[in-house]
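The values are calculated or read from the model by the stated rules, or taken from the named source; none is laboratory data. No experiment lies behind these values; they were computed from the predicted model shown. Note that each Cβ is placed from the backbone with ideal geometry, even for glycine, and that neighbours are counted across all protein chains shown.
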Amino acid sequence: MPDLLHQYHEAAVAPSNLERKMITGSIVALVTPMQSGSMTVDWAALEVLIEWHVEQGTDAIVAVGTTGESATLNVSEHGKVIEFVVDKVCGRIPVIAGTGANSTSEAIELTQTAKKVGADACLLVTPYYNKPTQQGLFEHYKAIATAVDIDQVLYNVPGRTACDMVPDTVAKLSRFSNIVGIKEATGDVSRLDELKASCAPDFAFYSGDDATARQFMVKGGHGNISVTANVAPKLMSEMCAAALRGDSNRAEEIDLNLNLLHSALFVEANPIPVKWAVSQMGMMENVLRLPMTALSEEHKKVVEVALKAAKVI
């Protein structure tokens, strides 16, 4: 594995001559259902959620991202959930595997697993806690792109990682043929202009902030990797489709029904509120692994009101 961390192929950083396969639209950052008592993955509930999302028009699924409690699944479980989602989706929509880690070698291992089980792409969060420099970020992603031949989406969420990948670093990484996009979760829509101006022309930009996703797509983003889509997949799919076709009025009209959800699902750290919400819809148990705990009583009414406003319950 150490050799992989120091390999560098000039071909890898050259712009690809092939058109990248771009995933667009409403991409759900899927929760990982768990069983009370054992805290093991609830495979039956996970299958129900997968089928529901396909039926409701979700454009793609992220398996084991932040919302899927990637931080508390061990490496074996991580791979099994990705494989299960790929198997049950069976090619009907793309599956993006969350394979980021704050250890480069672990991120490579998870990404290799995702490729082996047939994921369409991988989502790689910036290394959390380590607080690497911009050069460290570049080397981290270069090592993964060089080691594993699968489409890779960068994921910048400084509010959770204490690490902000600046547009200049993203632009350099966008020249790798298999680094195909970024999930930008700062909530700063203005950053999109700088990214678009500096990144490879066929690079994809995804919002990672539901509250500003509509504006992000209207300004030229390609989709939204969404927490809200866990509870309102049809509305999110319709909103994204409207924004992407340039119908900003229709997108805004739909988004008005989702505004309370966008904020309510973050009254406590994700995925605490969204798992409670999905459990209220009768689709799984409200079970999280420590150190995440169940939604507090004081916030349940807030989420309930938002679910009713969106006509989810």
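What residue, among those in the stretch 196-230 that are within 20 Å of residue 21 (Cβ to Cβ) and among the aliphatic types (A, V, I, L, M), is surrounded by the fewest Cβ atoms within 10 Å (Cβ to Cβ)?
Per the criteria, the residue is 200.
Exactly one condition in (1) surrounded by fewer than 15 Cβ atoms within 10 Å (Cβ to Cβ); (2) closer than 24 Å to residue 217 by Cβ is not met by residue 297; state its number.
Failed condition: (2).
Is it the case that the stretch 264-281 has a residue that's in contact with a helix residue (DSSP H, G or I) (Cβ under 7 Å, 6 or more places away or on another chain), closer than 18 Å to residue 25 by Cα and at pLDDT 95 or above?
no
Any residue that is touching a Leu at 6+ places or on another chain (Cβ under 9 Å) and at positive phi - is there at least one of those in the stretch 211-221?
Yes, the stretch 211-221 has at least one match.
In contact with a strand residue (DSSP E or B) (Cβ under 7 Å, 6 or more places away or on another chain), part of a helix (DSSP H, G or I) and of a type in the set (D, E, K, R) - does that describe any residue in the stretch 209-218?
Within the stretch 209-218, one or more residues are in contact with a strand residue (DSSP E or B) (Cβ under 7 Å, 6 or more places away or on another chain), part of a helix (DSSP H, G or I) and of a type in the set (D, E, K, R).
Do you know which of the residues in the stretch 254-290 that are in contact (Cβ under 8 Å) with a residue 60 or more places away in the chain and surrounded by fewer than 16 Cβ atoms within 10 Å (Cβ to Cβ) is nearest to residue 73 (Cα to Cα)?
Ranking the candidates gives 289 first.
On the basis of being at pLDDT 95 or above, surrounded by fewer than 23 Cβ atoms within 10 Å (Cβ to Cβ) and not polar (S, T, N, Q), does residue 192 make the cut?
Considered against the rule, which asks whether it is at pLDDT 95 or above, surrounded by fewer than 23 Cβ atoms within 10 Å (Cβ to Cβ) and not polar (S, T, N, Q), residue 192 comes out as yes.
Looking at this structure, is residue 171 closer than 20 Å to residue 22 by Cα and assigned to a helix (DSSP H, G or I)?
yes
Just to be sure before I move on: is residue 59 charged (D, E, K, R) and surrounded by 21 or more Cβ atoms within 10 Å (Cβ to Cβ) in the structure I sent?
yes
Taking the stretch 110-126 as the region of interest, how many residues are touching a helix residue (DSSP H, G or I) at 6+ places or on another chain (Cβ under 9 Å) and either more than 23 Å from residue 69 (Cα to Cα) or surrounded by 21 or more Cβ atoms within 10 Å (Cβ to Cβ) (or both)?
The qualifying residues number 10.
Exactly one of these conditions fails for residue 304: (1) under 24 Å from residue 69 (Cα atoms); (2) of a type outside the set (A, V, I, L, M); (3) surrounded by 17 or more Cβ atoms within 10 Å (Cβ to Cβ). Give me its number.
The one condition residue 304 does not meet is (3).
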